[in-house]
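Here's the structure, in structure tokens; my notes come after.
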Amino acid sequence: MTMALSTSVVTTVAAVTVFVFWVYQYVIHSAYLTPLAPVPKAHWSVPYSRLWILAIRFRRTENRTLHALHQRLGPVIQVAPYELSVDGVDCVRAVYVGGFEKPVWYSVFENYGVPCMFSARGSAEHSLRKRMISNVYSKSFIQASRAVSEHASIILLDRLLPTIRQSTTIQHGPQKLDVHSLFLATTMDFISSYVFGIDNGTNFIQQTGYRGHWLELYQSRNDYGFYDQELPALTRLARRLGIPLCPRFVDDANAELSQWCKEMCNSTLQSLSTPEGKTKADAVVMSALLGGLEKERVIKGTSSLLYPTALAHHSLSVASELFDHVLAGQETAGVTLTYLTWRLSQSLPLQAELRRELLSLDQNLGYPSPILPGAKKLDSLPLLHAVIMETLRLHAPIPGAQPRQTPYPSCRLGGYTVPGGVRVAAMAYTLHRDEKAFPDPEHWDHTRWLPGYANDDERRARQKLFWAFGSGGRMCIGSNFAMHELKLIVAAIYSNFTSHIVDDEGVAEQTDGYTSRPAKERLYGCLRNLRALRFPSTDGYLAMIPLVPGHGYFGTHAAPDHQSSSLQLIKLCTTTINTV
Ligand code: HEM
């Protein structure tokens, strides 16, 4: 009896102790005693649980929700027990230029089970990886690279321009074109040829069937990053128990895409082992990476920090790195082109002004004898630069939170002391909507980036907030490559064609999340050949098309049927060439 009583007393005391400890740790400490206690809360529940932030991430409303909260609550907000959202130049400088390391969240970007530079978490490992390839992504290297200009000539002059010209034939009338798909193809052809060489890279512009299949695979994964990134332990457990949280087709798509990249790596390796391949030397990124790894093996060997990953699993690591580059480089730049075309298609006078600027170069891409302009001259065109910058501002392809981890034991952020190990992130979405630097921020206005628009201080403030490529040691390594290819592609198109919206349903609704794209992953446009416009046929359709942006089919709400919309297009062309 006494024994039973004492057991129950012990059990009760233990239960009460656990309860008191739990209340102290997860209620009193989390709400009042942690150093994060004074930080404004996104929601009353955030000191105790991650549910609130998980719900808005799952619903894909994180960027908009946090932007609205920052406007109300200031630059530092607590969004979960160990998670902050930050805004403003000072916090961004502290976190990103300050070199805070990446959290485990980035592990999902590992390919073939081995890390790449993007997924590498520690600074030491990251800088070793970056050192091997940073030179080939520098602006001076890209502008002087023979491989870049030869590839650009082939991609623009032999593939893109003929494809667009074909869509504008006089015989058939201007054809409706999914320009989003075409742009994703063009940017893939650019980055894959820089990585693997022109012969081993893709030709998505012309191989439309395979491109469609590839894009379907790639896009099928878009909605399923949440579990792996936000609930990695639960996702692993569920997989082990045979209850996958993602549909089977996501794993299948990942497997097929991984195999696709391995095959490009293998064929490039084979080419590099032949005398012609060595002479051609146009697999610029892969060659730099192989050279860097070999140097590391010879100099440091098994003592290298990279030995357990990049050196011990050499071919998988090479493939992991290069797979990341082609994926990172393709969609981001493709989405930018889609939004830029969408915006330009809403103003024929702006297209005309841009064309005048492009054709003012001695060497230009205008028909009948298109020539690639000098890289530096192209880079110095103010209007071309301005329209791209404004598109990257308002339609940033990576607008969402870029998480980092606070260093131990603690740091200061926005006037608060933040303990080590807290996940902290800023977003281009919020920085790019700073009302002081970008008045009327939801309005696409390229003039913000033109010289003479603002005084030096205002221009500097704007530049500091521009965060499409991130900042600090982990900022985009491909930013110079991206700006160069974007300028070339825009120059090729707008030197020769006018662009018009055919069906832009879903384009205005850019998706919310870490990366972002048009909601329906398409933009139907039609491009019109300016040379044809100068020599109109008697068909009567060689004239400008009235634009009704945001309303789909040129001033009509006709059914989205390919044949009939093409016919309507022809009938609706009314304005004369003089408006161009
Ligand atoms: C308009 C085009 C592009 C945009 C807007 C963009 C944006 C970004 C951003 C915001 C980051 C930082 C992400 C983070 O830390 O979470 C990043 C990193 C990165 N980007 Fe890009 N990117 C573009 C094009 C490219 C291209 C063409 C490449 C080709 C190599 C590339 C490769 C990478 C890589 C490898 C990283 C990781 C860098 C590191 O961790 O050191 N990106 N990009």
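The values are calculated or read from the model by the stated rules, or taken from the named source; none is laboratory data. Everything quoted here is computed from the prediction, not taken from an experiment. Note: ideal-geometry Cβ built from the backbone for every residue, glycine included; neighbour counts use all protein chains shown.
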* Asked: Which strands (runs of 3 or more DSSP E) does the stretch 346-427 wholly contain that include 1 or more residues that are under 29 Å from the mean Cα position of the chain (by Cα)?
  -> 401-405, 410-413, 423-427
* Considering each of VAL285, VAL250 in turn, give the residue that is surrounded by 15 or more Cβ atoms within 10 Å (Cβ to Cβ), among the β-branched types (Val, Ile, Thr), under 23 Å from ASP324 (Cα atoms) and at pLDDT below 95. => VAL250
* Asked: Given the structure, is VAL148 within 13 Å of the ligand (Cβ to nearest atom), over 30 Å from TYR48 (Cβ atoms) and in contact (Cβ under 8 Å) with a residue 12 or more places away in the chain?
  -> yes
* Structure fact -> For SER134, the lone unmet condition from (1) away from the ligand (no atom under 16 Å from the Cβ); (2) touching a residue at least 60 places away in the same chain (Cβ under 8 Å); (3) not hydrophobic (A, V, I, L, M, F, W, C) is (1)
* Inspect the stretch 333-351 for any residue being touching a residue at least 12 places away in the same chain (Cβ under 8 Å), closer than 30 Å to ALA124 by Cα, within 15 Å of the ligand (Cβ to nearest atom) and surrounded by 16 or more Cβ atoms within 10 Å (Cβ to Cβ) and give the result as yes or no. => yes
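For (1) over 30 Å from HIS151 (Cα atoms); (2) among the β-branched types (Val, Ile, Thr); (3) modelled with pLDDT of 95 or more; (4) buried (at least 18 other Cβ atoms within 10 Å of the Cβ), each residue gets a yes or a no:
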{"residue": "MET475", "(1), (2), (3), (4)": "no, no, yes, no"}
{"residue": "THR515", "(1), (2), (3), (4)": "no, yes, yes, no"}
{"residue": "SER537", "(1), (2), (3), (4)": "yes, no, no, no"}
{"residue": "HIS551", "(1), (2), (3), (4)": "yes, no, no, no"}
{"residue": "ALA558", "(1), (2), (3), (4)": "yes, no, no, no"}
{"residue": "THR574", "(1), (2), (3), (4)": "yes, yes, no, no"}
{"residue": "ILE577", "(1), (2), (3), (4)": "yes, yes, no, no"}
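Residues are listed down the side, and each one gets a yes or a no for (1) modelled with pLDDT under 95; (2) among the acidic types (Asp, Glu); (3) in contact with a helix residue (DSSP H, G or I) (Cβ under 8 Å, 6 or more places away or on another chain):
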position	(1), (2), (3)
LEU160	no, no, yes
THR168	yes, no, yes
HIS180	no, no, yes
ASP189	no, yes, yes
SER193	no, no, yes
ASP199	no, yes, yes
ILE205	no, no, yes
GLY209	no, no, no
GLY212	no, no, yes
* Scan of the stretch 82-136 for residues that are buried (at least 17 other Cβ atoms within 10 Å of the Cβ) and over 25 Å from LEU306 (Cα atoms), ordered by number -> TYR82, GLU83, LEU84, SER85, VAL86, ASP87, GLY88, VAL89, CYS91, VAL92, ALA94, VAL95
* Quick check: anything in the stretch 181-189 away from the ligand (no atom under 16 Å from the Cβ) and over 20 Å from the mean Cα position of the chain (by Cα)? -> no
* Asked: When SER303 is evaluated against the numbered criteria (1) surrounded by fewer than 20 Cβ atoms within 10 Å (Cβ to Cβ); (2) within 17 Å of MET132 (Cα to Cα), which criterion, by number, is the only one it fails?
  -> (2)
* Select, from LEU383, LEU322, LEU305, the only residue that is farther than 26 Å from LYS139 by Cα, hydrophobic (A, V, I, L, M, F, W, C) and in contact (Cβ under 8 Å) with a residue 12 or more places away in the chain. => LEU305
* Could you grab me the full set of residues in the stretch 101-126 that are part of a loop (DSSP other than H, G, I, E, B), within 11 Å of the ligand (Cβ to nearest atom) and of a type in the set (Phe, Trp, Tyr)? => PHE118
* If we scan the stretch 265-281, do we find a residue that is of a type in the set (A, V, I, L, M, F, W, C), at pLDDT 95 or above and surrounded by fewer than 12 Cβ atoms within 10 Å (Cβ to Cβ)? -> no
